[in-house]
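We did not get these values from a lab; they are worked out from the coordinates using the rules stated. Note that this is a predicted model, so its numbers are computed, not measured. Heads up, the Cβs are rebuilt from the backbone with ideal geometry, glycines too, and the neighbour counts pull from every protein chain shown.
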Amino acid sequence: MNIKTLALPAALLTGALLLAGCGTNQASNNAPAASSSMGSMDHGAMSGMSSSSPSSSPSQGTFNDADVMFTQMMLPHHEQAVQMSDMLLAKQGIDPRIQKLAQQIKAAQAPEISTMRGWLSSWGQPSAMASNSGHSMDGMMSGDDMAKLKAADGAAASKLFLTQMIAHHEGAVSMAKTEVADGKNADAVAMAKSVVTSQTKEIDEMKAILAQM
């Protein structure tokens, strides 16, 4: 047997195995680089998606003087409307239609009071306007007006509540329209639009009831 003839295929086999091993190592060395590249792409895409998402609390973002003034005025305005509604609901002999209206007003405006307090806090603004601001809250009842409502009973209280609340709502609608025109904060403007729509409807309802009394 020729020993040189046998040695040649063995050498070829060994070389083939070494080449295969090199190929495997090279593929293994390249894999992390590809994975790293894909990871960077995914992270970049996710970062882009995150940066384009809208703020979850727009009320904490951009605002202007009109937003602050609207909120500072509407806050006590709402508080007085709730107080007037509580006064009426504590009385006997009130027209059921007006009781329902008072409950509706209280249910709508009480939660908005908390919302507006939160806005002013997030904006770093006081909950009340400065006494020398020169701005008045349209439709607010005086101390004497509130005393009259508290003292009234039955049909007289029902009629007085309607008369006072119509004027109160008309003032709120006027302030809300100013906010819609001049405000910058999305949440505040949205609330102002809601006030215009809901309270205009209630004004019409109260006038219709009053005309039937």
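Some values worked out for this structure:
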quantity	calculated
Residue-count net charge about Ser127 - beta-carbon cut-off 11 Å; Lys, Arg +1, Asp, Glu -1	0
Simple label model, 7 Å out from Cα along Cβ direction - Gln99 to Leu210, nm	2.3 nm
Karplus-derived HN-Hα couplings along the range 136-153 (A = 6.51, B = -1.76, C = 1.60, θ = phi - 60°), whole Hz, x at Gly and Pro	10, 9, 4, x, 5, 7, 7, x, 5, 4, 5, 5, 5, 5, 5, 7, 6, 9
Burial ordering of Ser85, Ser122, Ser198, fewest other beta-carbon atoms within 10 Å first	Ser122, Ser198, Ser85
